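Below: the structure, in structure tokens.
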Amino acid sequence: MKVTRRDFLRTSAAASALAALGSPCRALAEATGPVTWTKSVCRYCGTGCGLYVGVKNGKVTAVQGDGDNHNAGFLCLKGLLLPEIMAAPDRHLHPLVRRNGKLVRVSWEEAMGLVASRFKEAAEKFGPDAVGFYGSGQALTEESYVANKLFRAGLRTNNVDGNPRLCMASAAAGYLSTYGKDEPMGCYEDIDHADVFLIVGANMAEAHPVLFRRVARRREQGKGVKVIVLDPRRTPTSRIADLHLSFTPGTDLAILNAMAHVLLAEGMADEEFVRAHVAFGEGTEANKSLDDYRKLLADYAPARAAEIAGCRAEDIVTAARWFGEQGRAAMSMWTQGLNQRTRGVWANNLVHNLHLLTGKIGLPGSTPFSLTGQPNACGGVRDGGALAHLLPYGRLVANEKHREEMERLWGVPAGTLAPKPGLAAVDLFRSLEEGKLKCLYVMCTNPGQSLPNVDRYRKAMAGDGSFLVVSEAFHPTRTSELADVVLPAALWAEKEGVYGCAERRYQLLQKAVEPPGEARPDFDILCELAGRLGHGKLIPFKTPEEAWNEILRVAKGTPYDFSGMTRERLRQAHGLLWPLPAAGHPGTRRRYVRGEDPLVPAAHPQRIQFYGRPGARAVVWLRPQKSPEEVPDAVYPLYLTTGRVIEHWHTGTMTRNCRELRHARAEATAEMHPQDAARLGVEGGDPVRITSRRGQETFRVSLAEGGRPGVVFVHMHDDRRLCNRITIDAVDPVSRQPEYKICAVKVEKA
Amino acid sequence: MTTASPLGSAARLLVLLLVTGVGGCAASSPKPEHATARERHPAVSAPAEETCLSCHARTTPQVAKAWQEGRHGLTLVLCFVCHGTTGADFRLRPEPGLCAGCHARNVQSAMDAGGRTDCFACHPAHALRPARGESPHRKEGGQP
């Protein structure tokens, strides 16, 4: 069959016909005339796929992948359906204030006046730490920056945290402890050079589909490329696995140590690299030796680790041999399976250990690469320092020199910045529960659904003693329904700002359309709030570009230095990777590498310099296997693990507005191995009640052949069937990231 | 950067078709109107654990297998991306124009090479195997 241009023009008539059926795509179908295209970035995961936003008659009508960006034009199915979220029926259009228990429409003037007076009053009466900000890895960099500056230097509290604490704090602490600097040193292009992939605790096929495609393509085209997947469940990612290693949840520390054991025992360590670039440590001090490390690993012979992990010893050996084979580039990729753990930082350290032992780091295709869940968790929150213990661009609250430096940069008196780190996410909501935190400003996130042990914190948010402000593009959400004030926020293509994705790639999202109703960009709302709180001089910005220009100055001279990323350059570019310290600098694909990273002197005698650590030595940390906070017992005999599916994203506020996605996956189910279901006497579709020590929820059963017996999986996206009623709010002692991935439950017929 | 088109008018139109959900991967003439009654998806009342694939693995096993073993199956380009839902927006024979959402350059280069836009003539529906013979597509930069 041949279809000509004429045929295509004719098919546009079909689009209009569909519109008549009341399809949610109606606005799109009508867009058959001239369209303008604005360069942007996908709203969803941390891959940061470039795309163009098509606009017709002031409405977003289409998207198209950006062929000049890293994603080479590819988008996942959620990205392709982005236009549907813009005009969703639950877009929040007008400010609301709670009166007599009900949210009622008010003017912006009234809503902002109330917010400012309540925050001011609480800070004056109870002290600065009676107020707090809970932000998002989905906010634009300029938005997070303004909030960070306002709360720390204006309201003088370090109670600034956000949802990246729930998804990547352990990865950040892993990089920081091992290399002295946060953020991955490699880049997406490394995928095209890798010979071995170690994918651990990551379901890339569903959570990072465009990167998964790139890995699959590399496996097809490279010579003898091997993919190792470590995951208790056999997910769609395992379809490209040459080895899928299933194990008992929480025992992967033993497996990773056993892989290191094999690498050393079989002579696959790069001794020269280790001598030149590696130190060994335990706890927080790099005071151990290679011999000490060998002694620790003696307890993790493959047979012993296999016994702990419930897997086959020969699979551990195979994984180690593939990873360690000389001359073969090895890339590890991981996400929440490692991060959302009470020993998430340790698990991250153990992956880094494999790279440092073998010297498979800082070379094309050899890199430890943490995947990211949100589009601007790295750029806006992690780099921008909008977490309770951080200040912008690698600076720490607890470091006096860093505070002084930020006080100078922000033009505030010495001593303005409080020396005590603020409260991390779960701690922030516990403070709300205790009545110490009086006012909380939540921006672009949904903790009323996403926090672990969520009913506990929903009570705190709804309590009479707390004043909760929620700035959201959609209403109601499971958080805005609890709020005292709900501010209508502009969404994605309705505003301008920068996103920074997992590979240190910063990209400008340009405004394509006006916000609907009375919705406004969070940047504007925060700037107005600053003025109302008496901090107009501190936050003088008229445009996000003005804030960006200040951000460039704040980052200058730090290891992040991207001062060459002018607004104009970002407008023209299809993503730029930092460090990028001068206007003509091309950006940095691989950090710490001589000839690539501008912070490594050109005359450095070795190919790599880990300049973040004393003596330029990265640390192999000695970390033993440690069980999760909760393991099954006689009363709660199964593991519950939570995660993502391809059709939805986060709490589903956006993806549930896409007819196709809602239709394809309407509700969360309890994915059970057929053996467990048979033992319980249930079949697919039967309702079951899952109960933990914290709460319960009812789901219908979905039989999963690829599941692991003894493990139940529920996805996190359903706003009616909340898996987080059940999950545990225990946190990693270093990163403060909760253990969403593992808790003990019982499952009963409902 | 706001442009009239990131690629050209042809690709622009194709993307519109893609996002409207009018398109497809069956090898027949494009329909001037929406799906006829004959082409409507049978009414389904699927339980929560049922998916397009689990049902079609029983009802149209060859099609399900071809998709699952193909590129789109591997990378989870699910059925509704081309076919819509089982409701009023269902299309049995999606238009080839859908492809431009991710493959705009290839669509553009095929059109530039002779006005052909029938992707499925060379890349059979569901399996979507690479075509044999001379390619009309330009090799451009970007990842492989």
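Out of all the residues in region A:544-572, which are surrounded by 21 or more Cβ atoms within 10 Å (Cβ to Cβ) and within 14 Å of chain B (Cβ to nearest Cβ)?
Matches in region A:544-572: A:Leu570 only.
Just for region B:40-73: of the residues that are loosely packed, with under 14 Cβ neighbours inside 10 Å and of a type in the set (Val, Ile, Thr), which one is nearest to the other protein chains (Cβ to nearest Cβ)?
For region B:40-73, the residue satisfying everything is B:Val44.
So A:Thr651 fits all but one of (1) closer than 30 Å to B:Ala88 by Cβ; (2) within 12 Å of chain B (Cβ to nearest Cβ); what number is the exception?
(2)
What are the residue pairs meeting all of these: first residue in region A:572-600, first residue outside the structural domain of A:Gly500 (by TED's automatic domain parsing) and touching a residue at least 12 places away in the same chain (Cβ under 8 Å), second residue of a type in the set (Val, Ile, Thr) and outside any loop (DSSP other than H, G, I, E, B), Cβ atoms under 8 Å, and 6 or more apart or on different chains?
Partner pairs satisfying both residue conditions: A:Arg590/A:Thr367; A:Tyr592/A:Ile608; A:Val593/A:Ile608; A:Arg594/A:Ile608.
Of all residues being surrounded by 20 or more Cβ atoms within 10 Å (Cβ to Cβ) and touching a helix residue (DSSP H, G or I) at 6+ places or on another chain (Cβ under 8 Å) in region A:712-724, which is farthest from the other protein chains (Cβ to nearest Cβ)? Just the residue, please. Explain how you work it out, then say what you get.
Taking region A:712-724 and keeping what is surrounded by 20 or more Cβ atoms within 10 Å (Cβ to Cβ), we get A:712-718, A:722-724.
From what is left, the residues that are touching a helix residue (DSSP H, G or I) at 6+ places or on another chain (Cβ under 8 Å) are A:712, A:714-717, A:722, A:724.
On the way: A:Val712: 14, A:Val714: 12, A:His715: 12, A:Met716: 16, A:His717: 13, A:Leu722: 16, A:Asn724: 19 Å.
Only one residue tops the list, namely A:Asn724.
(1) under 24 Å from the mean Cα position of the chain (by Cα); (2) part of a helix (DSSP H, G or I): which one isn't true of A:Lys181, the others all being true?
(2)
Determine if region A:665-682 includes at least one residue that is buried (at least 23 other Cβ atoms within 10 Å of the Cβ), among the hydroxyl-bearing types (Ser, Thr, Tyr), away from chain B (no Cβ under 14 Å) and touching a strand residue (DSSP E or B) at 6+ places or on another chain (Cβ under 6 Å).
no
For region B:51-69, state whether one or more residues are more than 18 Å from the chain's Cα centre (by Cα), modelled with pLDDT of 90 or more and among the aliphatic types (A, V, I, L, M).
Checking region B:51-69: at least one residue is more than 18 Å from the chain's Cα centre (by Cα), modelled with pLDDT of 90 or more and among the aliphatic types (A, V, I, L, M).
Just give me the residues in region A:428-459 being under 21 Å from A:Glu629 (Cβ atoms) and not hydroxyl-bearing (Ser, Thr, Tyr), in sequence order.
A:Leu428, A:Phe429, A:Arg430, A:Glu433, A:Pro447, A:Leu451, A:Pro452, A:Asn453, A:Val454, A:Asp455, A:Arg456
Look at A:Ala205 and say whether it is touching a Pro at 6+ places or on another chain (Cβ under 9 Å), aliphatic (A, V, I, L, M) and within 14 Å of chain B (Cβ to nearest Cβ). Steps first, please.
Numbers: touching a Pro at 6+ places or on another chain (Cβ under 9 Å): yes; aliphatic (A, V, I, L, M): yes; within 14 Å of chain B (Cβ to nearest Cβ): yes.
Yes, satisfied.
If I ask for residues that are assigned to a strand (DSSP E or B) and under 25 Å from the mean Cα position of the chain (by Cα), which ones from region A:426-450 would you list?
Residues satisfying the conditions are A:Leu440, A:Tyr441, A:Val442, A:Met443.
Of the residues that make up region A:461-468, is at least one out of contact with any Leu (no Cβ under 9 Å at 6 or more places or on another chain) and over 30 Å from A:Lys401 (Cα atoms)? Spell out how you get there, then give the answer.
Keep residues of region A:461-468 that are out of contact with any Leu (no Cβ under 9 Å at 6 or more places or on another chain), which gives A:464.
Now narrow it down to the ones that are over 30 Å from A:Lys401 (Cα atoms): A:464.
For region A:461-468, residues out of contact with any Leu (no Cβ under 9 Å at 6 or more places or on another chain) and over 30 Å from A:Lys401 (Cα atoms): present.
Report, by residue number, each residue of region A:195-212 that is assigned to a loop (DSSP other than H, G, I, E, B) and either of a type in the set (D, E, K, R) or more than 20 Å from the chain's Cα centre (by Cα) (or both). Spell out the reasoning first.
Just the residues of region A:195-212 that are assigned to a loop (DSSP other than H, G, I, E, B), to begin with: A:195, A:201-203, A:208.
Across region A:195-212, the qualifying residue is only A:Asp195.
For the subset of region A:45-76 comprising residues that are surrounded by fewer than 24 Cβ atoms within 10 Å (Cβ to Cβ) and more than 21 Å from A:Ala573 (Cβ to Cβ), which member is farthest from the chain's Cα centre (by Cα)?
Filtering first and then ranking leaves A:Asn57.
Give the number of residues within region A:508-537 that are surrounded by fewer than 20 Cβ atoms within 10 Å (Cβ to Cβ) and farther than 18 Å from A:Met112 by Cα.
Residues in region A:508-537 being surrounded by fewer than 20 Cβ atoms within 10 Å (Cβ to Cβ) and farther than 18 Å from A:Met112 by Cα: 5 in total.
Scan region A:558-568 and tell me whether some residue there is out of contact with any Pro (no Cβ under 9 Å at 6 or more places or on another chain), within 30 Å of A:Gln64 (Cβ to Cβ), free of Cβ contacts under 8 Å to residues at least 24 places away in the same chain and not assigned by TED's automatic domain parsing to the domain that holds A:Glu503.
yes
Looking at A:Thr141, A:Thr157, A:Thr178 in this structure, which one is within 17 Å of A:Gly380 (Cβ to Cβ) and among the β-branched types (Val, Ile, Thr)?
Criteria check complete, one pass: A:Thr141.
Give the residues of region A:447-481 that are in contact with a strand residue (DSSP E or B) (Cβ under 6 Å, 6 or more places away or on another chain) and either free of Cβ contacts under 8 Å to residues at least 60 places away in the same chain or more than 27 Å from A:Leu81 (Cβ to Cβ) (or both), sorted by residue number.
A:Pro452, A:Met461, A:Phe467, A:Leu468, A:Val469, A:Val470, A:Ser471, A:Thr479
When only residues in region A:213-236 that are part of a helix (DSSP H, G or I) and closer than 18 Å to A:Pro368 by Cβ count, which is farthest from the other protein chains (Cβ to nearest Cβ)?
First pass over region A:213-236, keeping only residues part of a helix (DSSP H, G or I): A:213-221, A:236.
Pick out the ones that are also closer than 18 Å to A:Pro368 by Cβ and you get A:214-215, A:218.
Details: A:Arg214: 6, A:Val215: 10, A:Arg218: 8 Å.
Of everything passing the filter in region A:213-236, A:Val215 is farthest from the other protein chains (Cβ to nearest Cβ).
Assuming A:Ser170 fulfils every condition listed in (1) crowded, with 24+ Cβ neighbours inside 10 Å; (2) more than 17 Å from the chain's Cα centre (by Cα); (3) part of a helix (DSSP H, G or I) apart from one, which condition is it?
(2)
Taking region A:344-395 only, how many residues are part of a helix (DSSP H, G or I), of a type outside the set (A, V, I, L, M) and closer than 23 Å to A:Asn203 by Cβ?
Step one: list which residues in region A:344-395 are part of a helix (DSSP H, G or I), which gives A:344-358, A:377-383.
Remaining after also requiring of a type outside the set (A, V, I, L, M): A:344, A:346, A:348-349, A:352-353, A:355, A:358, A:378-380, A:382-383.
Add one more test, that the residue is closer than 23 Å to A:Asn203 by Cβ, and what stays is A:344, A:346, A:348-349, A:352, A:355, A:378, A:382.
Of the residues in that region, 8 qualify.
The values are calculated or read from the model by the stated rules, or taken from the named source; none is laboratory data. Keep in mind that this is a model prediction, so the values were computed, not measured. Positions of Cβ are generated from backbone atoms using ideal geometry, with glycine treated the same way; all protein chains shown enter the neighbour counts.
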